Structures are given as C-alpha cells and as structure tokens.
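The values are calculated or read from the model by the stated rules, or taken from the named source; none is laboratory data. Keep in mind it's a predicted model, so treat the numbers as computed, not measured. Note that we place each Cβ from the backbone using ideal geometry, even for glycine, and neighbour counts take in every protein chain shown.
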Amino acid sequence: MVYPPAPWNLQGYAVQTLQLIDVARVRPLVPSELEIVSVLPGKTLGGVYISSYGLGSVMEYNELIVVSAIANYAGKWGAWISHIYVDNPNSVAGGREIWGLPKELAQFSWEGNDSVKATPLGYRVTVSQANRQLCSLNYSKQSLALPVSFSGNVFSALSSNLLLFKGEFNSRIGLLRGELEIPEDSHFANLNLSQPLLTVGCEDMRLIAGAPEVVGNRAAQFSY
C-alpha cells in the first residue's frame with residue numbers, strides 16, 4: 001500500500017453527532033491504562049463522525065469514526081476511537097501503521113440534494129460493510145454556519161505503545177437535525193448509542209491529523 005507520511009491534510013465535508021455513552025459499555029474497548037472521563041455519573045462523551053474528503057486532500061476517501069469515550073492519561077486528555085471505517089485501502093494501511101487506528105474498509109452512500117429529499121429531514125448517509133449496514137445518519141440541510149477553529153487530542157494504541165496525536169480543525173459549522181440508526185448486528189451496536197444530543201454539519205472543512213507520539217506503554221499488547 002502507498003500512503004503519505006504524517007501529518008495528513010484533509011479537506012471536505014462532515015456530519016458530527018454528540019452523545020452520552022455508558023462507561024461500563026465502553027470500558028472493555030479502552031486500554032486499562034486510560035482513565036475514562038465521566039461527564040455525568042456513569043456517562044462519558046462520544047459520537048459519530050462521517051466525512052467525505054475530496055480535492056485538496058492527501059487522499060480522497062470517505063470515513064466513519066466512532067468516538068466512544070473521552071480519556072485521560074498522565075494528565076493528558078483525548079478522545080478514544082473504538083471503530084473507524086474508510087473506503088480507501090491506502091487509508092486503511094496508513095491509519096493502522098502510522099496511528100495504530102483499527103481502520104477497516106466499508107462502503108458509503110450519500111443521498112439527497114437541494115431538489116430531491118432522501119428522508120423527511122432531507123439527507124442521509126449510510127455506511128455498510130459487505131452485506132451488513134453499520135449505521136445510517138439522517139440529517140437536515142445546514143443553514144447558518146459560523147467559522148470555527150480548534151484542536152484536540154486523540155489516543156490510540158500500536159503494539160505495546162500508547163499513542164497521542166493532535167487533530168487541527170477549521171470549518172464553517174452549523175447545527176443540524178439528526179437521526180442516527182444503528183442496526184442490532186452493527187459492530188458497534190453494543191455501545192447503545194442513543195439519539196444525538198447535538199448534530200452539526202461541517203462545511204469547507206480542513207483537518208490536519210498530526211504525527212503521533214508515544215506517551216506510555218502497556219503491560220500487554222492491546223487489541224481492538
């Protein structure tokens with residue numbers, strides 16, 4: 001496989017949800033060395049991020065990320081990604097070999113436009129793997145969008161190393177109405193993701209996935 005070295009510069013569009021997730025449900029998916037941060041008793045923050053990276057990106061592909069927890073390690077905070085899917089084999093290889101992310105191949109279908117509605121809300125993106133649907137996100141048209149820039153950390157694990165990398169984000173963001181559908185046989189159905197507390201659309205998005213650094217070691221190799 002051929003993929004560029006980190007950092008990766010990506011441009012496109014994304015839809016992001018925000019949800020509360022049971023700490024007990026996600027604990028088996030997170031290395032024991034990481035402390036899961038609770039925002040309410042027994043609850044951590046997570047969500048689903050579905051994006052399409054196009055012209056101007058180091059590679060063009062679609063991506064589904066399931067953030068299943070906010071974690072802390074040695075005073076450093078970051079998101080934990082338990083599931084991640086793309087439709088480009090080179091992205092799979094780079095994600096696994098550079099960042100230690102559990103990328104898998106999947107298929108993406110974006111439906112709806114300004115004249116034809118895919119759902120009562122207007123738009124839908126569906127992610128499937130072979131004959132199994134992983135999730136479907138119905139969302140409304142984005143209206144008012146404001147420019148937003150921020151950066152955040154993400155934890156991952158490669159062999160016996162705990163890694164941390166920074167994501168730098170710049171986009172025009174607006175609130176959407178969103179409905180998330182996750183079939184019972186989806187790989188992440190056991191997270192019991194509820195309907196989103198918040199759904200946002202990200203237009204003219206620019207994302208930089210930085211090079212990872214080793215922040216700790218695991219007593220045993222972690223396997224997603």
Legend entry - Selection count where residues are outside any loop (DSSP other than H, G, I, E, B) and among the small types (Gly, Ala, Ser), scope segment 16-46: 2
Legend entry - Total residues in segment 78-103, condition part of a loop (DSSP other than H, G, I, E, B), out of contact with any Gly (no Cβ under 9 Å at 6 or more places or on another chain) and closer than 16 Å to Val48 by Cβ: 0
Inset, instruction - Answer yes or no as to whether Lys117 is more than 16 Å from Glu181 (Cα to Cα), charged (D, E, K, R), surrounded by fewer than 22 Cβ atoms within 10 Å (Cβ to Cβ) and at pLDDT below 95. - result: yes
Inset, instruction - Being in contact with an Asp or Glu (Cβ under 7 Å, 6 or more places away or on another chain) and within 24 Å of Arg96 (Cβ to Cβ) is the filter here, so list the residues in segment 130-162 that pass it. - result: Arg132, Cys135, Ser151, Leu162
Inset, instruction - Kindly list, by first and then second residue, each pair from a residue in segment 109-126 that is of a type in the set (Phe, Trp, Tyr) to a residue that is surrounded by 15 or more Cβ atoms within 10 Å (Cβ to Cβ), limited to pairs with Cβ atoms under 6 Å and residues at least 6 apart or on different chains. - result: Trp110/Val125; Tyr123/Gly112; Tyr123/Tyr139
Inset, instruction - Report the residue count in segment 167-187 for those that are closer than 13 Å to Arg124 by Cα and assigned to a strand (DSSP E or B). - result: 5
Legend entry - Qualifying positions in segment 120-153 - closer than 30 Å to Pro7 by Cα, buried (at least 16 other Cβ atoms within 10 Å of the Cβ) and among the aliphatic types (A, V, I, L, M): Val125, Val127, Leu134, Leu137, Ala145
